Amino acid sequence: MLNGPKIMSVMRRILRSRGPHHAQWMVTRRCNYRCRGCGVWADQESIELSTDEVERGLDILRDLGVWEIVFSGGNPLIRDDIGEILQYASRNFVTTVYDNGSLAEEKIESLRNVDFVAISVDTLDERKNDYLKGVPGAWNRAMHAIEALKGDGIPVGVSPTISQLNLYEIIDFTKHFVSRGIPVWYCFYWYDYPFENTMFPIGKKSDEYGISDKKTLADVCTNLMEMKKKNSNIYITHKTLDALRHLALTGERMWSCRALSNFLVIDHKGRVAGCHSQESLASIFELPKLWNSSRFRQLRREYNKCGNCAYLCYIFYSLHSGFSGNIQVLRDQWENTKSYMRSQTETKYQTS
């Protein structure tokens, strides 16, 4: 849980480090769902780093200056050792873990120390959600998991992927959850640009998902910005929403990619890349000697010019870069935590 001592530890790292600050670690490629907009489940692999290797990698990230880490996959909760990994990570990092809603309730003890659990739910329509997840009963399992974690005091929220399939209901979806004290943390449907030697393919191109109504997307961003002024359980920054709205209306990007500079990704084998669509560059265990190399400096310049994706997490990490950007993100994380704890207290008071 994000608290005063962790805030101070993170602040010290931000102040003294010129390294990356955010990492997404796809600790497994195994998945138990068949989501229609994702290609991970069609290309699963059981080989992955051991617990000790992941912990060694976390030490390296900490020493480089990383202070925020997101665990995803596949479904990271599939790993038998995920509780140990999350406990180790939470000592030094603001830690988020994703679940498709199938395992969080079962592994509730493994989630005690994380700062946020993001449950993937795309719609309030049970049948549509199960269709999108490719598994019957997905919606019910996710709803039960959210209530179980919230009732147990574990910071949990929903993470919808905004697409053409749910674009017209995102505002009502948001109102439904935030009115119940459940934060919403958004993703945005995108697909992998066909680079050669992609490290970790995720999004597959789909006309069904692709947003054709750009005007409504812009309106959704505007409405969320207004709603965010009154409700801190909307976990997306004004700056990110403004950039997404501008992209929808003009096709122009308000950011330059900061891959391998402000953020990086690691896969299940411990391979490092600027983003999952680029080729792997090294093992995480080689990262300390390569981070300041001329090769990495050249790659940062190349990535900075890349305009081939609009994955919301990469937009966010690119917009909120540098010292001021990281301080803003940390401040938002702290405010989100305090808001969540207040809502938990109010809920307990109302039901007592």
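Things worth noting here:
- Among residues of the stretch 293-335 being of a type in the set (Gly, Ala, Ser) and not in a helix (DSSP H, G or I), the one that is modelled with the lowest pLDDT is Ser321.
- Look at the stretch 229-245: where a residue is touching a residue at least 24 places away in the same chain (Cβ under 8 Å) and open to solvent by less than 40 Å² (accessible area, probe 1.4 Å) and a partner is outside any helix (DSSP H, G or I) and among the basic types (Lys, Arg), sitting 6+ places away or on another chain with Cβ atoms under 9 Å, you get Ala243/Arg253.
- For the stretch 260-286, filtering for residues that are without any contact (Cβ under 8 Å) to a residue 60 or more places away in the chain and closer than 18 Å to Phe188 by Cα leaves 1.
- Taken together, the criteria exclude Ile78 from residues that are modelled with pLDDT of 90 or more, in contact with a helix residue (DSSP H, G or I) (Cβ under 7 Å, 6 or more places away or on another chain) and surrounded by 15 or more Cβ atoms within 10 Å (Cβ to Cβ).
- Residue check for Lys214: of a type outside the set (A, V, I, L, M, F, W, C) and out of contact with any helix residue (DSSP H, G or I) (no Cβ under 7 Å at 6 or more places or on another chain): no
- Of all the listed residues (Ala89, Ala138), the sole one being closer than 22 Å to Asn32 by Cβ, buried (at least 17 other Cβ atoms within 10 Å of the Cβ) and either in contact (Cβ under 8 Å) with a residue 12 or more places away in the chain or more than 19 Å from the chain's Cα centre (by Cα) (or both) is Ala138.
- Residues that are farther than 21 Å from Tyr314 by Cβ and open to solvent by 10 Å² or more (accessible area, probe 1.4 Å), drawn from the stretch 156-180: Leu165, Tyr168, Glu169, Ile171, Asp172, Lys175, His176, Val178, Ser179, Arg180
- Scanning the stretch 157-201 for residues that are small (Gly, Ala, Ser) and farther than 22 Å from Thr216 by Cα gives Gly157, Ser179, Gly181.
- Unique residue being at pLDDT below 95 and open to solvent by 10 Å² or more (accessible area, probe 1.4 Å) when the list is Tyr131, Tyr189: Tyr189
- Given (1) open to solvent by 30 Å² or more (accessible area, probe 1.4 Å); (2) touching a Ser or Thr at 6+ places or on another chain (Cβ under 6 Å); (3) within 22 Å of Val40 (Cβ to Cβ), number of the condition Ala118 does not satisfy: (1)
The values are calculated or read from the model by the stated rules, or taken from the named source; none is laboratory data. All values derive from a computational prediction rather than experimental measurement. Every residue, glycine among them, receives a Cβ derived from its backbone with ideal geometry; neighbour counts consider all protein chains shown. Keep in mind that these areas ignore ligands, DNA and RNA; they rest on the heavy atoms of the full protein, side chains included. Shrake-Rupley method; radii C 1.70, N 1.55, O 1.52, S 1.80 Å.
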